[in-house]
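Read the figures in this text as sums done on the coordinates, not as results from a lab. Since the structure is predicted, the reported quantities are computational estimates derived from the model, not experimental observations.
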Amino acid sequence: MKVIRGAQAGQGGQVSIACINKATVDLGVPFEKLTRALQKCYDNYFLPVWGYPVKLYNTDAAKPSDWQFIYFDDADAAGALGYHELTKKGQPVSKVFVKTTLANHQLVSVTASHELFEMVIDPLANLWAEAADGTEYAYEMSDPVEEDTFPVDGVPMSNFVHPAWFEPFKHPPGTKFDHLGLLRKPFSMTRGGYVITKKKGVVSEQFGSHAKSARFAREDRVGHRSEHRKPAEGLRIPNTRSKRRVAVHGASALESAVHGKP
């Protein structure tokens with residue numbers, strides 16, 4: 001019997017994602033090879049854990065029913081500074097800003113896989129998991145381990161957390177909390193990671209190390225999902241009449257030397 005998971009209701013199962021390259025600079029990997037590597041990474045490593053099938057395909061124009069994954073030079077080119085949008089047909093859009101990624105000394109393939117994983121599980125960037133102390137942690141698949149990578153056909157991909165990472169109870173020995181097996185408990189992070197938290201309505205960022213906090217402060221995060229949950233930003237959701245904003249309340253940048261160890 002075919003099972004339709006909740007996140008796929010209305011999609012009929014596998015979600016098709018149109019990959020569109022509007023960047024004028026080199027992605028670091030040929031566009032076709034990058035998409036193939038993303039698909040293989042997703043199918044071999046992410047899908048068995050999270051269970052939501054997607055099909056990536058390269059195109060110049062997406063079908064109205066499909067999600068979109070678009071490479072731009074920078075946020076200005078996207079015309080959506082700090083926003084994550086839906087298409088006019090109400091489908092999610094994820095954006096990778098190539099020049100910004102390269103200026104931050106990061107790899108486009110790592111940024112792309114990071115965004116792909118997070119888009120599939122939380123396309124509107126509005127899901128939270130509550131810990132025992134009442135702190136809520138954003139459903140971001142790669143943030144806690146975002147500087148840890150692994151190769152797929154020679155193309156670096158972002159590490160990602162497992163469902164157990166969001167579960168605030170004691171797990172049996174051997175439980176994996178991330179793909180590379182670097183974390184040992186829920187809501188933890190590696191030294192190169194960070195988490196977005198919300199407590200009493202205040203949204204904050206916590207970092208895996210002082211060095212990560214400093215690097216994060218220097219980066220251009222315009223258009224990044226880390227900005228979507230802040231009060232001055234939000235998600236633009238179109239309807240048949242106009243676009244409206246959905247924003248969260250409170251924001252500040254906090255620093256915490258929390259590591260992925262018990």
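Taking amide hydrogens as placed 1.01 Å from N in the peptide plane, the amide H of Arg191 sits under 5 Å from those of Gly260, each at least 5 positions away in sequence or on another chain.
Amide H contacts of Thr87 (H built 1.01 Å from N, in plane; Pro and chain starts excluded): Val93 sit under 5 Å, all sequence-distant by 5 or more or on other chains. When Rg and Dmax are taken over the Cα atoms of the stretch 102-222, they come to 14.2, 44 Å. Of the cross-linked pairs Lys22/Lys176; Lys99/Lys200; Lys22/Lys55; Lys99/Lys185; Lys55/Lys99, those separated by over 30 Å at the C-alpha level are Lys22/Lys176; Lys99/Lys200; Lys99/Lys185. Relative intensity of the stretch 152-216 on a log10 scale, I(q)/I(0) at q = 0.12, 0.24 Å⁻¹, equals -0.38, -1.10, per a Debye sum over C-alpha point scatterers of equal strength in the absence of solvent. Under 5 Å between amide hydrogens, built in the peptide plane, is the criterion, and for Asp178 it picks out His162, Leu183 among residues at least 5 positions away or on other chains.
Restricting the calculation to Cα atoms, every distinct pair contributes to the Kirkwood radius of the stretch 19-173, found to be 16.4 Å.
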